[in-house]
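Encoded as structure tokens, the structure appears first; notes follow it.
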Amino acid sequence: MKQPLTGIPTEIGMVNRLMTLLGAVTMRRWNSAAVVTLAALVALAALTANAMAKQARPAPPTEETTPRNAGEPIMAIVSIKSQQVTFYDADGWILRAPVSTGVKERETPAGVFAVVDKERDHRSNMYDDAWMPHMQRITWNGIALHGGPLPGHAASHGCVRLPFGFAERLFEKTRIGMRVIIAPNDTTPVPFSHPALLVPNAEALAAARVRAEPLAREAAEAARADDEAKRAATTAAREAAALTASLRKLELSKRRADAEFASADKAPIGARTDQTKVQAEDLKRRAAELGKQFDAVSAEAKQRLDASNSAKDAAEAAEIKKADTARAADQANLSLEPVSIYISRATQKLYVRRATRKPVRDGGEVFEASIEVPVKIRNPGKPIGTHVFTAMAREGAGLRWSAVTIDDGDDASSALDRITIPREVLDRVAPTALPRSSIIVSDEPLSSETNYRTEFVAVLSNHPQGGFATRDRTGDILSADDNLWGERGYEPLSGIRGISE
């Protein structure tokens, strides 16, 4: 008698029953009920396998916003592995969203970057005028965060695509200089403390603020005085030039009158008539009048030339004062900006940068690079990893720091243990260190993408960089020895190639 299929076994029971039935099939000891049961178990096994596979596969990233009141984003971390970006303020994560990074052979480079430019409605000059709305550039050769289609996997030519609405909302929240970390794997900032981290001095910070305001006023006044001196010099030079031109005309007229009188005066006495005598007297009087005019204009022209020369000297002095006061004000203002330090095991050097907040004509802002010094790293042949230490907020008299590690090597604390930061650097930058200040330690040298209008750019050499391969370099690394301050302010490096993406 056929036995009905009365129930669905548990997973373990199902497996045992399936093995028994398979054995029966092998021994040809099976009936219709066994066939029905076997078919049901095979179908159920397939469903269970699919369910288990779904449980093993992580859920795709979704957009999330922290339930608390969020502050200004300090850093963004992109995980290439998870295709997700997370933004952090001083107290933790605030925004998350799925992304699409670069496809094979056009991979988004892993490393340390910062936002260097923002453009609300950007069109690519590399990829058929492709629309890249709410673009936030992190290199000048075309790697950027921007809105774009997200198919659920890597799909870009090297950029980091964000959901369109997310990119639009984010655009107003970020500022140039915000740190962007692109990590091969998942990583998060962790609270961190170490004696090597910068400790500000309250008195130095207060003095910097007190010093900055009057210096800014003095610089503005010097700039106005320089403009006035230049206008005065231009006016004086124009007036002197006009008088000089008039003097030349008078001189020619006087010479002509003198020549005509001399010619008339040389006529034989017997040949002179009353008319010629009158003409000669008129010529003599005309020559005398022109002589007086010439002497008067000549004296005035000399005064005008002296005034013009004095105005020129005053303008030059005003220009020097303007440059000096502007430089002093810039240095004072720089001390009120977060400071970034980069330490490279590859070059055995330490670099310092700060944002100047000075716009560049063709986009972005200038970053000041005044310090580049050798640094001592213990066991320099041993990998140290890539670590980003960020001052998240003030904490008492000091700063609260976090650490993000994105490449193998020492752990964050051991990495800092191996480094001796020169005392003169600490004395110069630590007293006025502010939240958002950072120290980056890496095995890597600075990328060639680092230039006068970028923060530090460092790329992990042991990960694919296809997203860089199709783009031109933007220029040489800006050294602390390079002086780009010109007549019109900070001058761009020569040889900067086209902005891509």
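Counting only Cα atoms, region 351-406 measures 44, 34, 22 Å along its principal axes, largest extent leading. Prolate is the label for region 190-265. Its Cα gyration tensor axes, ordered a ≥ b ≥ c, give a/c of at least 1.5 and a/b above b/c.
Each residue of region 64-75 was assigned a 3J(HN,Hα) from its phi angle through the Karplus curve 6.51 cos²θ - 1.76 cosθ + 1.60 (θ = phi - 60°); the sequence is 9, 10, 4, x, 8, 6, 8, x, 6, x, 9, 8 Hz, with glycine and proline shown as x.
Quick one: Cα centre-to-centre distance for region 189-207 and region 415-432, in angstrom? One Cα centre to the other: 11 Å.
Based on the Stokes-Einstein relation at 20 °C and a viscosity of 1.002 mPa s, and on the Kirkwood radius from alpha carbon pairs, region 150-302 is assigned a translational diffusion coefficient of 83 µm²/s.
Please work out whether region 152-221 counts as rounded, prolate or oblate from its C-alpha gyration tensor, where a ≥ b ≥ c are the square roots of the eigenvalues and a/c under 1.5 means rounded, while otherwise a/b larger than b/c means prolate and anything else oblate? Note, shape of region 152-221 comes out oblate. Across all directions, the average projected area of the convex hull around the alpha carbons of region 361-441 is 7.3 nm².
Which peptide among 222-231, 94-103 comes first, and what is the full order, when sorted by highest mean count of other Cβ atoms within 10 Å? Please report the intermediate quantities before stating the final value.
Working: 222-231: 16.7, 94-103: 20.9.
Per-residue Cβ counts within 10 Å, averaged per peptide and sorted highest first, yield 94-103, 222-231.
Using bins of 10 Å that start at zero, the share of Cα-Cα pairs per bin across region 98-198 amounts to 15, 46, 28, 8, 3, 0, in whole %.
Taking 0.36 nm per residue of separation and subtracting the Cα-Cα distance, what length does fully extending Ser246 through Asp324 add? Before the final figure, lay out the partial values.
On the way: separation 78, 0.36 × 78 = 28.08 nm, distance 3.99 nm.
Residue separation times 0.36 nm, minus the Cα-Cα distance, leaves 24.1 nm.
Coupling constants for region 361-369 follow from the phi torsions by the Karplus curve (6.51 cos²θ - 1.76 cosθ + 1.60, θ = phi - 60°), and in residue order they are 4, 9, x, x, 9, 7, 10, 7, 10 Hz; glycine and proline get x. The label point for Val425 and the one for Gln275, both projected 7 Å from the Cα toward the Cβ, are 9.9 nm apart. Applying 0.36 nm per residue to the separation of Thr62 and Glu105 and subtracting their alpha-carbon distance, the gain on full extension is 12.8 nm. Mark the label point 7 Å from the Cα of Ala346 along Cα→Cβ and return the residues of region 94-109 whose backbone N is within less than 18 Å of it. Output list for this probe position: 107-109.
Note down the net charge around Glu444, summing +1 for each Lys or Arg and -1 for each Asp or Glu among other residues with Cβ under 11 Å from its Cβ. It works out to a net charge of -1. Distance between the 7 Å Cα→Cβ label points at Glu289 and Glu221: 5.4 nm.
If the chain linking Asp282 and Ser193 were pulled fully straight, counting 0.36 nm for each residue of separation and taking away their Cα-Cα distance, it would gain 22.0 nm. The rule of thumb for compact globular proteins, 2.2 N^0.38 Å, goes into the C-alpha radius of gyration of region 217-359 2.16 times.
Computed from the coordinates by the stated procedures, all read-outs in this text should not be read as laboratory data. Please read all numbers here as calculations on a predicted model, not as lab measurements. Glycine also receives a Cβ, built like all others from the backbone with ideal geometry; neighbour counts cover every protein chain displayed.
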